[in-house]
1. Out of all the residues in segment B:188-210, which are under 16 Å from B:GLU164 (Cα atoms) and touching a helix residue (DSSP H, G or I) at 6+ places or on another chain (Cβ under 7 Å)?
2. Surrounded by 16 or more Cβ atoms within 10 Å (Cβ to Cβ), closer than 28 Å to B:LEU139 by Cβ and touching a Pro at 6+ places or on another chain (Cβ under 7 Å): which single residue out of B:ILE52, B:ILE31 fits that description?
3. What strands (runs of 3 or more DSSP E) completely inside segment A:1-94 contain at least 1 residues that are among the basic types (Lys, Arg) and surrounded by fewer than 16 Cβ atoms within 10 Å (Cβ to Cβ)?
4. Among the residues of segment B:135-146, which ones are of a type outside the set (Val, Ile, Thr) and either buried (at least 19 other Cβ atoms within 10 Å of the Cβ) or within 8 Å of chain A (Cβ to nearest Cβ) (or both)?
5. Are any residues in segment A:121-153 outside any loop (DSSP other than H, G, I, E, B) and either in contact with an Asp or Glu (Cβ under 8 Å, 6 or more places away or on another chain) or surrounded by fewer than 18 Cβ atoms within 10 Å (Cβ to Cβ) (or both), and if so, which ones?
6. Let me confirm something: among B:PRO183, B:PRO193, which residue is away from chain A (no Cβ under 14 Å) and over 24 Å from B:LEU107 (Cα atoms)?
Amino acid sequence: MSLAVDVWKNLGAFTVDARFDCTDGITALFGKSGAGKTSIIQMMAGLIRPQRGRIEIDGQAVFDSAQGINVPPDRRRIGYVFQDARLFPHMNVRRNLEYGRRRRGASDASPDFGEVVDVLGIGNLLDRRTHLLSGGERQRVAIGRALLSAPRMLLMDEPLASLDPERKAEIIPFVSKVQVQFRLPIVYVSHSVDEVLQLADTMVLVAEGGIAAVGPVEDVMNRPDLVRITGTGDAGSVIPAQVADSDPNFGITTLSFLGGEFRLPAAGLEQGKRLRLRVRARDVSLALTRPQDVSVMNIFEGTVTSVSNSGRPQTDVSVDVGGTIIWSQITHKSLSELDIEPGCTVYVMVKAVAIDDPVVHP
Amino acid sequence: MFDLSQAEIAAVLLSLKVSLWAVGISLPFGIATAWVLARLEFPGKTLLDALIHVPLVVPPVVVGYLLLLLFGRNGFLGGPLYDTFGITITFSWQGAAVAAAVMAFPLMVRAIRLSIDAIDTRLEQAARTLGARPFDVFLTITLPLTASGIVVGVILAFARALGEFGATITFVSAIPGETTTLPVSLYTLSQIPGEETGAVRLVVLSLIVAFGAMFTAEVIARRVRKRIAGS
């Protein structure tokens, strides 16, 4: 599957001018609220008409302003999971699920009804009225309904945004499972770093209606020039790692990454499991000499690659540790006292207890 | 008292027939008009809206007279109707149904339009993304979600048709057995000295029919609401 989007539309408050490609797997359309993410996928689905541009799935145009092509949403075969589920209130769960399935083309391969119901765990809800479902159940039914309409790809518009944290944790595995099991490319709109880290392979960074960056999630998250867009106080590094070892006596797990090994308190992680570690910049300290006799367990030698000059008392410093970028936020005062500048050799210190629970990414 | 005369039974049946036909023929137009007013923006929309509401604000006798002009043998519609099909609806029960339909139309449209306005159009969008064509969406999403409004519209229109008098008597007169609905019969009797008993019997009969119809309507409405009880 390949998808090429190039759309332009003046929406009054701002202009959407977005161009990106994506392929299989889960692509996160990430950006702050109001950045234009939803407008972009509504254009992909055919719910909003761009003023100019071209949208192409597998080489076939579903929209092309120059050629006057605008395939209506019901013929695009693009599944859409809405933020508010939008289940039909006058139908029970089963009839909601069957709505798209009955309308698919005879030759369109659609997943098996029973399999979808199984994967999403909604077998016991089939005869329920939709207003009796919980938020999490509604979203699972909405995902199933979209899947059964035999789409070529799925668009998900912040499907977890209206759920409480527990429900979110309940739905996330289903999204991954759906992608793996039904081999459907998914474009997932989100403004939550956590969701993106857990789900996405590729990240499309949206800002002010435009595309600020496209690439593998780690790369985009770690790009120094994008920190202001990717996050604020919680900015940091995303580091792919693998479980190497665990020490049950102390409950410490060792994770290997490109620049060395992280040790952190975590239990129950299988050896060999791939994870994403999120290390917040403000939890990372720097030293000019290798610190002795400190409690910090994670100390790496690296080279400073950039120093931000934001005019604020805080400064973001990026350090290359064996090919992995680790961000550190220190005060401007420390920076000038230690005389840190690009090219310096520094020691990066990360408290083990400061690292978030590692995010499992399949 | 309730040993109904032939004429009384005929009046009741005629009233029901006229009202049912009036509601039946105007319902598809009522739904279409309500949808157009709720969903489309076009020049002259205010004018159309005003035109539909005319029967609510002018005296019924004016509507009756306009119908007479329109459907008379030399009328704008009546002429071609007679020349092509040999049909005249003036002074017939069909004419009474048309008069009742026109008078009841604004009530029906208002009720249906309110309920179309209340539909979350995002549900219709969702249906589109699931592969439903626009008319399919109308039939499977819009219409069922409008059902309660349609029921209300039908009840109001039926009630209005049942009580229709002014436009009817102007348009189709009071022809015994043909256009003597309950209100028309009652009016006729009330004009004849010494027929007070007959008039009172018709008053009671009218009340019974009205209550019966409204009771049935409420039962149906309740069932529909229950069936589509959603969010």
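1. Within segment B:188-210, the subset under 16 Å from B:GLU164 (Cα atoms) is B:188, B:202-203, B:205-207, B:209-210.
Of everything in segment B:188-210, those that are under 16 Å from B:GLU164 (Cα atoms) and touching a helix residue (DSSP H, G or I) at 6+ places or on another chain (Cβ under 7 Å) turn out to be B:LEU202, B:VAL203, B:LEU205, B:SER206, B:VAL209, B:ALA210.
2. Values: B:ILE31 fails: touching a Pro at 6+ places or on another chain (Cβ under 7 Å).
Testing whether each residue is surrounded by 16 or more Cβ atoms within 10 Å (Cβ to Cβ), closer than 28 Å to B:LEU139 by Cβ and touching a Pro at 6+ places or on another chain (Cβ under 7 Å) leaves just B:ILE52.
3. Details: elements: A:3-10, A:15-22, A:26-30, A:52-57, A:60-64, A:78-81.
By residue number, A:15-22, A:52-57.
4. The initial filter retains those residues of segment B:135-146 that are of a type outside the set (Val, Ile, Thr), namely B:135-136, B:138-139, B:143-145.
Matches in segment B:135-146: B:ASP136, B:PRO144, B:LEU145.
5. Quick first cut of segment A:121-153, residues outside any loop (DSSP other than H, G, I, E, B) only: A:123-125, A:129-132, A:135-147, A:153.
Answer for segment A:121-153, where residues must be outside any loop (DSSP other than H, G, I, E, B) and either in contact with an Asp or Glu (Cβ under 8 Å, 6 or more places away or on another chain) or surrounded by fewer than 18 Cβ atoms within 10 Å (Cβ to Cβ) (or both): A:GLY123, A:ASN124, A:LEU125, A:ARG129, A:HIS131, A:LEU132, A:GLY135, A:GLY136.
6. On the way: B:PRO183 fails: over 24 Å from B:LEU107 (Cα atoms).
Result of the check over B:PRO183, B:PRO193: B:PRO193.
Rundown of residues vs (1) within 14 Å of another protein chain (Cβ to nearest Cβ); (2) surrounded by fewer than 20 Cβ atoms within 10 Å (Cβ to Cβ), yes/no style:
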site	(1), (2)
A:PRO159	yes, no
A:PRO216	no, yes
A:ALA244	no, yes
A:GLY251	no, yes
A:PHE257	no, no
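Residues checked against (1) crowded, with 20+ Cβ neighbours inside 10 Å; (2) touching a Ser or Thr at 6+ places or on another chain (Cβ under 6 Å); (3) modelled with pLDDT of 90 or more:
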{"residue": "A:GLY302", "(1), (2), (3)": "yes, no, yes"}
{"residue": "A:ASN309", "(1), (2), (3)": "no, no, no"}
{"residue": "A:ARG312", "(1), (2), (3)": "no, no, no"}
{"residue": "A:GLY323", "(1), (2), (3)": "no, no, no"}
{"residue": "A:THR331", "(1), (2), (3)": "no, no, yes"}
{"residue": "A:SER334", "(1), (2), (3)": "no, no, yes"}
{"residue": "A:GLY343", "(1), (2), (3)": "no, no, yes"}
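The values are calculated or read from the model by the stated rules, or taken from the named source; none is laboratory data. Values in this document were obtained by computation on a predicted structure and should not be read as measured data. When we count neighbours, we look across all protein chains shown, and the Cβ atoms used for this are built from the backbone with ideal geometry, even at glycine.
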